[in-house]
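In what follows, a structure is listed as structure tokens, so that the remarks can point back to it.
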Amino acid sequence: MLAKPKIYIHVGVPRTATTYLQEQIFRQTDQIHYLGRSKSEPFSKWQPYETIERCVFLHDDIKFNSTIEHLKSLVRSIHLSKQKPNVLSHEGFTRTTRFNLADGADTYRVIERLNILFETVADVHFILTVRDPVTCIKSTMVAFRSVFDHYNFSWKNLNEVVSGEKSEFNFILENFKYGSLYQTIERVRPQKTLVLFFEDLKYDKKKFIADLNGFINCNIAVPTSEPVNSVDSKLKKNYAKYRKKFTTKIWTKAFSISNYPRYCEKILDFIRVLHWHLRDWSDLGPQIRFFYEEDFNSLPQHIKTQFQKHGYFPTKGKQANISHEQSFNR
């Protein structure tokens with residue numbers, strides 16, 4: 001019996017240099033067969049991935065089971081290389097706010113369903129990228145501000161959740177339960193999971209690429225480019241854009257009054273994002289670490305040691321010593 005091709009599904013987490021991985025590593029090498037996605041080619045435009053994604057997220061168990069044969073046929077229609085490792089990357093697979101579902105998406109179920117569909121045609125492996133939860137949460141709250149506005153999720157709500165108060169927004173912080181995500185993947189694909197650390201990519205790129213190469217059995221070169229601080233750069237770009245619009249159009253009377261509400265709304269959006277970006281997170285940081293302590297303790301010891309090495313694990317009585325606490329790059 002011929003061996004199945006290998007597929008490596010990179011499921012995120014969001015805000016862990018996922019765009020950099022997609023654009024500067026996966027897409028730039030001939031060592032792998034890259035299936036998508038990329039910033040220039042949104043995942044929603046890749047067929048049949050769009051149908052698969054919507055079904056694994058939106059269907060209940062009855063509807064999913066009724067369409068599973070159709071979905072498997074879509075998976076079989078995807079060209080997979082037998083000579084190179086196939087890589088599918090989409091950080092949305094682990095975003096609980098994907099599709100703005102009222103009670104959040106069950107990302108653990110999404111992982112289980114992806115395995116069910118792809119194991120019919122390939123030997124499935126998973127790649128999970130993680131980041132210090134404090135900086136990851138901050139970056140997520142800034143980058144996806146419009147999504148959280150949809151839920152009316154406020155700074156007060158975030159404090160309520162991490163302090164252990166009962167909240168309808170608990171699902172939002174499921175995104176960062178790395179222990180639960182790892183355990184779910186290991187349950188469906190034992191010993192076929194790679195955890196990559198954002199901090200390694202930023203501070204020890206050679207190690208990051210070496211870990212990736214060892215897992216997918218490739219020889220990808222270490223990229224020379226650096227991850228871009230997309231949050232800071234976007235804020236600066238938007239500030240410059242809105243300042244120019246108002247100084248060159250409003251004050252010169254070249255501004256159309258019909259566009260006024262739209263510009264005001266954009267500026268309000270910008271202010272809401274800036275509001276989260278400039279918040280003092282120093283007091284919230286220890287609470288976030290303690291909030292995830294039980295989840296971290298669910299990790300097997302060899303993985304837990306890596307998390308402790310990178311400073312993710314809570315230190316009782318004081319904030320963990322994170323040398324890169326202020327790093328909010330993607």
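Things worth noting here:
- Sub-8 Å Cβ pairs linking a first residue in region 6-19 that is assigned to a helix (DSSP H, G or I) to a second residue that is basic (K, R), at least 6 apart or interchain, are T18/R330; T19/K39; T19/R330, ordered by first then second residue.
- V147 being touching a helix residue (DSSP H, G or I) at 6+ places or on another chain (Cβ under 8 Å), farther than 19 Å from P5 by Cα and among the aliphatic types (A, V, I, L, M): yes
- Scanning region 115-125 turns up no residue that is farther than 28 Å from F26 by Cα and buried (at least 19 other Cβ atoms within 10 Å of the Cβ).
- Unique match (being in a strand (DSSP E or B) and crowded, with 16+ Cβ neighbours inside 10 Å) among L201, L194: L194
- Given (1) charged (D, E, K, R); (2) closer than 30 Å to W276 by Cα; (3) buried (at least 18 other Cβ atoms within 10 Å of the Cβ), index of the condition D106 fails: (3)
- Subset tally (residues that are farther than 11 Å from K138 by Cα and surrounded by fewer than 15 Cβ atoms within 10 Å (Cβ to Cβ)) for region 270-292: 4
- Residue within region 170-180 that is within 21 Å of E293 (Cα to Cα), assigned to a helix (DSSP H, G or I) and touching a strand residue (DSSP E or B) at 6+ places or on another chain (Cβ under 7 Å) present: yes
- Of the residues making up region 147-166, not a single one is basic (K, R), under 19 Å from E91 (Cβ atoms) and part of a helix (DSSP H, G or I).
- Counting only helices (runs of 4 or more DSSP H) that fall entirely inside region 47-142 and contain at least 3 residues that are under 28 Å from L158 (Cα atoms), the qualifying elements are 49-58, 107-118.
- Residue ID - modelled with the lowest pLDDT, chosen from residues in region 135-147 that are crowded, with 21+ Cβ neighbours inside 10 Å and not small (G, A, S): V142
- Summed over region 56-94, the residues that are touching a residue at least 40 places away in the same chain (Cβ under 8 Å), over 19 Å from the mean Cα position of the chain (by Cα) and closer than 22 Å to E174 by Cβ give a count of 1.
The values are calculated or read from the model by the stated rules, or taken from the named source; none is laboratory data. Computed from a predicted model, the values in this text were never measured in an experiment. Here Cβ is always computed from backbone atoms with ideal geometry, including for glycine, and neighbour counts include all displayed protein chains.
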